[in-house]
There are 2 protein chains.
Amino acid sequence: MNRQTTNGGHADGTVGKALDVMDLVAAKGRPARFAELLAESDHPKATLYRLLQTLTSQGMLTYDEGRQTYAPGLRLVRLAHAAWQQSSLAPIARPLLDALSEQVGETIHLAQMDQGQVLYVDKRNARKPIDMFSEAGKIGPGYCTGVGKAMMAFLPEDDRAKAINMQAFFAHTPQTLTTAEALERELDAIRAEGVSFDREEHEQGIICIAAPILSATGRVMGALSITTSTQRNTLDGLEKLRPALTETAAKIAEAAESWQFPD
Amino acid sequence: MNRQTTNGGHADGTVGKALDVMDLVAAKGRPARFAELLAESDHPKATLYRLLQTLTSQGMLTYDEGRQTYAPGLRLVRLAHAAWQQSSLAPIARPLLDALSEQVGETIHLAQMDQGQVLYVDKRNARKPIDMFSEAGKIGPGYCTGVGKAMMAFLPEDDRAKAINMQAFFAHTPQTLTTAEALERELDAIRAEGVSFDREEHEQGIICIAAPILSATGRVMGALSITTSTQRNTLDGLEKLRPALTETAAKIAEAAESWQFPD
DNA sequence: CGGATTGTTCCATATAATGAAACCTTATTC
DNA sequence: GAATAAGGTTTCATTATATGGAACAATCCG
């Protein structure tokens, strides 16, 4: 049996455990001490200790002798550069995002799906352009973001069911869809409509329109969104940007397929 | 025995081997087939196969069923975001880079040292961008870049010796320093001078001025450079930007120390 | 100075990785 | 279209590696 979904809870082998530890350290968001990590992992002391040593010796973590803390290492940044270039739409979409940004003057997100979550791989700010890893690499929920819903809507039935199952359905705002049923209905509508809207479902005052990026055969490659605030614009206003959005999404799909991204 | 330098040739444990495979895939720069990877790794078929399976199942690699190729996975991008935020100077230096960029209008690089190589962690483009390699996450040689020399010059003696040992001394241009002796002399001069210059040593027509970013106790945290082309400017012209450069470098050091980065 | 708390090392045992070879499966050739 | 080759996957006895309970240091704390 071939396991192709990324692993959610339990790890296979030593490598899996080591990567879990990586996640643990990364999730802390700040340098973490041994004891802290020990408390959150279910590994015995000695095991975690040696895992940390190995990762540190490999440059995946950095150990701060002074404060006795572990943090993600720079080797990751190197590796991620390759990942970003090769398995994300970002480098291909770059000039197209620039053009769209120029045209609409609002914040733009390019996202892909990773384990039921939204992974942002590129972004343009309303005002000035930003740089790679500052925003790229961030993750977000699938069920209450424009890009998340746009991608889920066009997933094959079983993948969609799996993705829906992974959602937390936490009510970020009063508008958040908080049940699988509500989400499913919404996804049906999105599939009929071709684009999705975020109606302040994730953050109060933030709205967006998003479109999936689909391969010629209909496979979901990613999603593209234009985001704004209720102070600057309205849902109707966003609707007007729809042609620019879907056109760019189509262009990205085309560009991606001509270079790689098969089926 | 504790191996603390990141791995150059041989790995410790299974995790090390797995990470070697990651490097291998990342280094290819494009989706790679099993056989290709097999040829370059010294693992037996079955071993490499299972290593790849594990990494894929962990989301560190993505496997393209259609083309039967492996590429770095998106989980890396997620992890790298954490690494970039926590163990790089970039997020701290961000506003300062913006200001410097505004002021000098040339390309700016922020780099750190990783295994004797230069790792670029942030960048600002010149107002009129010139075509040249570099993005965050990219790596470069230490011995023939402004930032590389600036950092090496201020390393403690033994670390410096180690770093010099790791250099390839490939002659990218006629100006490249191609011996350890020449480099050492250059580093002495840089230490006396406080800043380094790249005199078209890495790429014909590209010059830069760079300054180290030093902690209060003199530890090398990174380096900052202003890059231009011989068409746009001269070494003398760059010399004039020196105050702005060193001042920004100092500010970054200060900002970094007040938040973390110990000794 | 006792008594915690936190971090590191040992070592017999359990577990997981190994790799040679067999076995599929898909291209290629005649 | 059968034969052959190349690429990819699985098996299984063997071996190397990771494991974790417990002992040991080191550091902190009142």
Handout entry: Charge context of B:H43, other residues only, Cβ under 11 angstrom, K/R +1, D/E -1
Key = 0
Exercise for the section: Specify whether the C-alpha gyration tensor of the range A:155-263 places it in the rounded, prolate or oblate class, a ≥ b ≥ c being the square roots of the eigenvalues: rounded for a/c under 1.5, otherwise prolate if a/b is larger than b/c and oblate if not. Expected result: oblate
Exercise for the section: Report the full-extension gain for the segment A:R191 to A:F34: residue separation times 0.36 nm, less the Cα-Cα distance, to one decimal in nm. Expected result: 51.8 nm
Fill in the blank from the handout: So B:F169 and B:D98, fully extended at 0.36 nm per residue minus their Cα-Cα distance, gain in nm 22.2 nm
Fill in the blank from the handout: Across all Cα atoms of chain A, Rg and the largest Cα-Cα distance (Dmax), in Å, are 19.9, 59
Problem - Whole-number Å³ per residue for the convex hull built on Cα positions in the protein assembly as shown - result: 164
Handout entry: For A:G222, residues with placed amide H under 5 Å, excluding near neighbours
Key = A:I213
Practice task
In debye, nearest 20, what is the charge dipole magnitude of the range B:118-263 about its Cα centre with +1 on Lys and Arg Cβ and -1 on Asp and Glu Cβ, if you could check?
Solution key: 480
Handout entry: Amide H contacts under 5 Å for A:T227, placed H, 5+ residues apart
Key = A:T107, A:I108, A:H109
Exercise for the section: Using θ = phi - 60° and the Karplus relation 6.51 cos²θ - 1.76 cosθ + 1.60, list the HN-Hα couplings for the range B:65-82 in order, rounded to whole Hz, with x at every Gly or Pro. Expected result: 4, x, 8, 6, 10, 10, 9, x, x, 6, 4, 4, 4, 4, 4, 5, 4, 5
Handout entry: the range A:1-117 - charge dipole about Cα centre, Lys and Arg +1 at Cβ, Asp and Glu -1, debye rounded to 20
Key = 440
Handout entry: Overall form of the range A:13-72 per C-alpha gyration tensor (a/c, 1.5; a/b vs b/c)
Key = rounded
Fill in the blank from the handout: Any lysines whose Cα falls less than 17 Å from that of A:K45, other than same-chain ones fewer than 8 residues away, would be A:K17
Practice task
Counting other beta carbons within 10 Å of each Cβ, put B:L241, B:L74 in order, fewest first.
Solution key: B:L241, B:L74
Fill in the blank from the handout: homo-copy label distances at A:P243 (7 angstrom along Cα-Cβ), nm, one dp, ascending, are 5.4
Problem - Order of A:I209, A:I92, B:I139, B:I213 under a 10 Å beta carbon neighbour criterion, fewest first - result: B:I139, A:I92, A:I209, B:I213
Practice task
Using every pair of alpha-carbon atoms in the range B:35-136, split the distances into 5 Å bins beginning at 0 and state the percent of pairs per bin, rounded to integers.
Solution key: 2, 10, 14, 15, 13, 14, 11, 9, 7, 4, 1, 0
Practice task
Counting other Cβ atoms within 10 Å, keep those with at most 12, restrict to DSSP loop, and tell me which chymotrypsin sites (Phe, Trp or Tyr not before Pro) in the range A:153-201 are left.
Solution key: A:F170
Practice task
Choose one of B:L245, B:Q85, B:V25: the residue whose Cα lies farthest towards the positive end of the charge dipole of the protein assembly as shown (beta-carbon charges +1 Lys, Arg; -1 Asp, Glu; about the Cα centre).
Solution key: B:V25
Problem - Listed residue (B:H172, B:A223, B:A256) projecting farthest to the positive dipole end of the range B:160-263, Cβ model - result: B:A256
Handout entry: At R0 = 51 Å, FRET efficiency that the Cβ-Cβ distance of A:L235 and B:R50 yields, to 0.05
Key = 0.50
Handout entry: Qualifying GluC sites (Glu not before Pro) for the range A:39-107 [loop in DSSP, other Cβ within 10 Å: at most 13]
Key = A:E65
Handout entry: Karplus 3J(HN,Hα) series, Hz, for the range A:147-155 with 6.51 cos²θ - 1.76 cosθ + 1.60 (x for Gly, Pro)
Key = 5, x, 5, 4, 6, 4, 4, 9, 6
Fill in the blank from the handout: One can check that the equivalent ellipsoid of the range A:75-180, built from the alpha-carbon gyration tensor with semi-axes equal to the square roots of five times its eigenvalues, has lengths in Å, largest first, of 25, 18, 13
Fill in the blank from the handout: Inter-copy distances for A:R94, label 7 Å out on the Cα-Cβ vector, sorted ascending, nm, one decimal, are 2.0
Handout entry: Spacing of the two label points (7 Å from each Cα toward its C-beta) at A:D64 and A:S258, in nm
Key = 4.8
Fill in the blank from the handout: Answer in debye to the nearest 20: the dipole magnitude of the protein assembly as shown about its Cα centre, from +1 Lys/Arg and -1 Asp/Glu charges placed on Cβ, is 220
Exercise for the section: Note down the relative contact order for chain B as a percent, whole number, built from C-alpha pairs under 8 angstrom at least six residues apart. Expected result: 14
Completion exercise
Quick note on A:R75, A:R185, B:R160, ordering by fewest other C-beta atoms within 10 Å, gives A:R185, B:R160, A:R75
Exercise for the section: For A:D64, place a label point 7 Å out from Cα along the Cα→Cβ vector, do the same in each other copy, and report the separations in nm, one decimal, smallest first. Expected result: 4.0
Exercise for the section: Work through the residues other than B:Q175 whose Cβ is under 12 Å from its Cβ and net out their charges, Lys, Arg +1 and Asp, Glu -1. Expected result: -4
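All of the numbers you see were taken from the coordinates with simple rules; none came from a lab. The shown structure was predicted, so the numbers you read here are calculated from the model rather than taken from an experiment. Here the Cβ is made from the backbone with ideal geometry for all residues, glycine too, and neighbour counts use every protein chain on show.
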